[in-house]
1. Looking at ALA274, ALA323, ALA292 in this structure, which one is closer than 24 Å to MET74 by Cβ, in contact with a Lys or Arg (Cβ under 9 Å, 6 or more places away or on another chain), in a helix (DSSP H, G or I) and small (Gly, Ala, Ser)?
2. Across the range 295-320, what is the total count of residues that are part of a loop (DSSP other than H, G, I, E, B) and either of a type in the set (A, V, I, L, M) or modelled with pLDDT of 85 or more (or both)?
3. Look through PHE133, PHE165, PHE184 and report the one residue that is part of a helix (DSSP H, G or I) and more than 19 Å from the chain's Cα centre (by Cα).
4. Being of a type outside the set (Phe, Trp, Tyr) and not in a helix (DSSP H, G or I) is the filter here, so list the residues in the range 326-336 that pass it.
5. Look at ILE171 and say whether it is in contact (Cβ under 8 Å) with a residue 40 or more places away in the chain and surrounded by fewer than 19 Cβ atoms within 10 Å (Cβ to Cβ).
6. Yes or no: LEU115 touching a helix residue (DSSP H, G or I) at 6+ places or on another chain (Cβ under 7 Å), in contact (Cβ under 8 Å) with a residue 24 or more places away in the chain, part of a helix (DSSP H, G or I) and closer than 26 Å to TRP334 by Cα?
Amino acid sequence: MSYYLRTDKRKQSLSDWPTMLATFSICWLCWVAGYFLSSGFPLTADNTVLPFWDTFCKWLDNRVIAYLLGLLFMLLIAYIIQRISDIEMLIRERTRLVFIIFVLLMSTNAGILPLKEVTIALLCLVFMIYELFMAYQLPEATGKFFNAGALIGVAGLFMPQTLWFLPLLWIGMYQFLSLSYRSFLASLIGALTIYWFVLAWCVWAADFSMFSSLITSLTDFDLFSVFLSFKYFQLGFVGIALLMVIAFFHIKRDAINNRVRVRQMLSFLLNMSAWSFILICLYGADMDLFLAVFYLPVSLLIAYFFENIRHRFRFLLYYCILALSATSFIIRVWNY
């Protein structure tokens, strides 16, 4: 167990073994139930998106491999988020809560349990965040901004809507005092480089349908359809959204206690969560996919909130979220 000394009293963290064991047990049961009920399987691809994910779907026709890859990718992404939190010391207390919350949110979303296109996009986005944070106040670090732009471009090959995170990258560069004409061009060229290869393929194949599919995917808005098609098993998302609102005001109030670097990084993550929520509203038909993108910054922000509130209240609130997420999953798979 990990305890912290404060005024000669031990402070128990949510990342201690009892809580971790309860959380991972529920997550494992969700994966097992999803596997046996084939939730999210077989993998399918929308005809309006680029053919890269369609190729994966045709190749990945084994259920065991699909679920194992989904599990491994999820754990890898959770580990990278945790490492970013540790390296930048975004949370003042040493905790594994970022890892735990991301795994919980992803595992209780039955629509994204096997390997999905959003899983690959999330891996690219989390590396983009890492590159951006490492270039804090370094406008001359054009290589990192090129990498960040290229990662968004790769994510767009599998989930074109993630290209909307390119403007968010520029906002983050401005927040971190890293925006210059060279860094801006580096990030833009990084994203365009990916599609120059796509263009070369289209010219060689004399088929430009990829670009028309890309434009269709980016502009195929279904404004606020998420509210019209809302179902009762999505109450878990409502709970997380309400908790995120509370965390937002807490982080804003607590910002003065952080270093300037941490304050600006938390502000970027708040912007990213709001950006992701807007995408949920714009592309409501694919709510499960965009919820996974929403979980990326939210898991870190909620972990920050939990580790900065009173001991008893944090445990009560965490177990309420744990119970709500598990109940939403059970209701969904019961009616699958």
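The values are calculated or read from the model by the stated rules, or taken from the named source; none is laboratory data. All values reported here derive from a predicted model rather than from experimental measurement. Methodologically, a virtual Cβ is constructed for each residue, glycine included, from the backbone with ideal geometry; neighbour enumeration extends over all protein chains shown.
1. Working: ALA274 fails: in contact with a Lys or Arg (Cβ under 9 Å, 6 or more places away or on another chain); ALA323 fails: in contact with a Lys or Arg (Cβ under 9 Å, 6 or more places away or on another chain).
The unique qualifying residue is ALA292.
2. Looking only at the range 295-320, we keep the residues that are part of a loop (DSSP other than H, G, I, E, B), and these are 307-310.
Right, trim to either of a type in the set (A, V, I, L, M) or modelled with pLDDT of 85 or more (or both) and you get 309.
Within the range 295-320, residues that are part of a loop (DSSP other than H, G, I, E, B) and either of a type in the set (A, V, I, L, M) or modelled with pLDDT of 85 or more (or both) number 1.
3. Working: PHE133 fails: more than 19 Å from the chain's Cα centre (by Cα); PHE165 fails: more than 19 Å from the chain's Cα centre (by Cα).
So the residue among PHE133, PHE165, PHE184 that is part of a helix (DSSP H, G or I) and more than 19 Å from the chain's Cα centre (by Cα) is PHE184.
4. ASN335
5. On the way: in contact (Cβ under 8 Å) with a residue 40 or more places away in the chain: yes; surrounded by fewer than 19 Cβ atoms within 10 Å (Cβ to Cβ): yes.
So ILE171 passes the test.
6. Working: touching a helix residue (DSSP H, G or I) at 6+ places or on another chain (Cβ under 7 Å): yes; in contact (Cβ under 8 Å) with a residue 24 or more places away in the chain: yes; part of a helix (DSSP H, G or I): no; closer than 26 Å to TRP334 by Cα: yes.
So LEU115 fails the test.
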